[in-house]
Amino acid sequence: MQPPNQPQQPYGAQPVDGNPYAGGPGAPAPAGAPYGQQPPAPYGQQAPAPTGNPFADQQGQQPGPFGGGTPFAPAPPAPPARNNILYGVLAALGAAIVAGVLYGVLMGSIEREFGYAAVGVGFLIGFAAGKLGGANPVIIGAAAVLSIAAVYLGQLIGYTMVMADVAHVSFSDVLFDHFDAVTRAWTAESGFMTYVFFAFGALAAFGGVKKAN
């Protein structure tokens, strides 16, 4: 029978020898215990992670996809629309001169009308105009008109080359001294398909402007 006045062991007494877990809640953790009790952290502060925890949050660590921060960069703003009529018209004019001369040289070299090249001429003019000037209706109209002029210029150059070769004279002599003969020859040789290719060139210029934008 236990004596009535036997003293009880106080709460928080030191651990019994050989039993490291016998201590109360306030007892210090034994040396070497990886999960020793940490003191409570103040309200609003995060308690430091135990040493050796591989999942501890480290300073400077990038936030996860479900944490704070945005994982994807915002899309860049769309570039402003080009709307420079002067640059567009000048680009169309320059492209029309270059494309018309090349078309005429091709036509004079093969000594026949190559009407489908008008599509390439018109597209080149429209693309150059749209690239520098945008898709303004004025630029589209200028590109279409200049594509027709470029095709006409190319055909005149081609006829001049053929006539100069037949007459055994220089190209400049036929172009400057007998230009009326060149235009009469073009009128006599042109037909329905000639004007159809003019229309194809204008449509290709419209497509070139849209492609550039």
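Restricting attention to the range 126-152, which residues are surrounded by 24 or more Cβ atoms within 10 Å (Cβ to Cβ) and under 21 Å from the mean Cα position of the chain (by Cα)?
Hits for the range 126-152 are G126, A128, A129, G130, G133.
Regarding F198, is this residue under 15 Å from G104 (Cα atoms) and not acidic (D, E)?
Yes: the conditions hold for F198.
Determine the pairs where a residue that is under 18 Å from A95 (Cβ atoms), located within the range 186-213, has a partner that is of a type in the set (S, T, N, Q) with Cβ atoms under 6 Å apart, the partner being 6 or more residues away or on another chain.
So the pair list comes out as G201/S147; A202/S147; A205/S147.
Considering only helices (runs of 4 or more DSSP H) fully contained in the range 150-213, which possess at least 1 residues that are acidic (D, E)?
171-177, 179-189
Keeping to the range 103-125, report how many residues are under 17 Å from F200 (Cβ atoms), over 28 Å from the mean Cα position of the chain (by Cα), part of a helix (DSSP H, G or I) and not aromatic (F, W, Y).
So the answer is 4.
Hey, can you tell me all the residues within the range 173-189 that are under 15 Å from G104 (Cβ atoms), surrounded by fewer than 15 Cβ atoms within 10 Å (Cβ to Cβ) and either within 47 Å of the chain's Cα centre (by Cα) or of a type in the set (G, A, S) (or both)?
Hits for the range 173-189 are T183, E189.
Within the range 140-157, can one find any residue that is modelled with pLDDT of 95 or more and in contact with a Ser or Thr (Cβ under 6 Å, 6 or more places away or on another chain)?
Checked the range 140-157: no residue is modelled with pLDDT of 95 or more and in contact with a Ser or Thr (Cβ under 6 Å, 6 or more places away or on another chain).
The values are calculated or read from the model by the stated rules, or taken from the named source; none is laboratory data. Keep in mind that this is a model prediction, so the values were computed, not measured. A quick note on method: Cβ atoms are made from the backbone with ideal geometry, for glycine too, and the neighbour counts reach across all protein chains shown.
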